[in-house]
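Have a look at the structure below before the remarks.
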């Protein structure tokens with residue numbers, strides 16, 4: 001199983017102006033660095049909680065059709081865009097929408113129904129393309145936007161990866177803000 005970002009978000013959940021206000025910075029000297037830290041913070045928040053904050057396209061590649069229900073690895077998911085099987089020669093065949101069910105949300109569930117087109121490929125024989133994330137920055141829950149701001153500020157204030165007197169850790173407040181969004185596995 002592999003997961004690949006195929007369409008990145010077109011905006012960030014926290015704008016440069018919002019980040020600068022959070023950091024209490026009035027000059028433009030560090031704009032590029034602040035934007036880079038905000039991007040890194042968004043990606044870290046998404047990875048840590050299994051989320052997609054702003055609408056983005058993902059491709060999940062599986063060896064074969066899922067047996068039973070499975071959770072899609074990013075949330076919230078609003079659409080399954082395409083499901084395909086791939087043969088040894090790389091030829092793809094669309095899986096009819098009647099052959100799977102999809103329940104959007106966080107988490108989103110996907111289940112196959114019936115027989116899918118045959119794939120003679122043993123590895124990476126199925127692709128599921130889906131759209132995850134909130135439609136705009138204004139739609140992202142405030143606690144997730146705050147987690148991005150706090151983590152970006154932490155990156156900005158602690159620019160070096162490690163120092164002899166301290167080890168890098170994510171601020172506890174960020175973990176607390178992400179806790180309700182983490183997927184619990186039993």
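We did not get these values from a lab; they are worked out from the coordinates using the rules stated. Keep in mind that what you see is a predicted model, and the values were worked out from it rather than measured. Using ideal geometry, Cβ is built from the backbone for each residue, glycine included, and neighbour counts are taken over all protein chains shown.
Could you estimate the translational diffusion coefficient of the chain from the Stokes-Einstein equation, with Rh from the Kirkwood formula over C-alpha pairs, at 10 °C and 1.306 mPa s, in whole µm²/s?
Using the Kirkwood radius from Cα pairs, D works out to 87 µm²/s.
222 nm [θ] for the chain, helices only, -39500 (n - 2.57) per DSSP H run of 4+, per residue, to 500? Please list the in-between numbers first.
Details: 4 runs with 50 residues, N = 186.
Counting only the DSSP helices, I get -8500 deg cm²/dmol.
Using only Cα atoms, find the angle between the long axis of helix 31-49 and the longest principal axis of the chain, and express it within 0 to 90 degrees, rounded to the nearest 10.
Result, in degrees: 50.
State, as an integer percentage, the relative contact order of segment 56-132 based on alpha-carbon contacts under 8 Å between residues 6 or more apart. List each step's numbers first, then the result.
Details: 172 pairs, mean separation 39.4, N = 77.
Normalised by residue count, the contact order of segment 56-132 is 51 percent.
Most exposed first by the Cβ proxy, i.e. fewest other Cβ within 10 Å, how do 1, 19 rank?
Working: 1 11, 19 22.
Least to most surrounded, the residues fall as 1, 19.
Relative to the longest principal axis of the chain, what angle (0 to 90°, nearest 10) does the C-alpha long axis of helix 142-157 take?
Once rounded, one gets 60 degrees.
At what distance in angstrom do the alpha carbon centres of segment 1-38 and segment 124-141 lie from each other?
For segment 1-38 versus segment 124-141, the Cα centre distance is 19 Å.
Listing 15, 112 from the residue with the fewest other Cβ atoms within 10 Å to the one with the most, what is the order? Walk me through the intermediate numbers first.
Details: 15 13, 112 19.
Ascending Cβ contact count within 10 Å gives the list 15, 112.
One-quarter of the Cα convex hull surface for segment 27-102, in nm²? Present the calculation step by step, with values, prior to reporting the outcome.
Working: hull surface 30.7 nm².
Its average projected convex-hull area is 7.7 nm².
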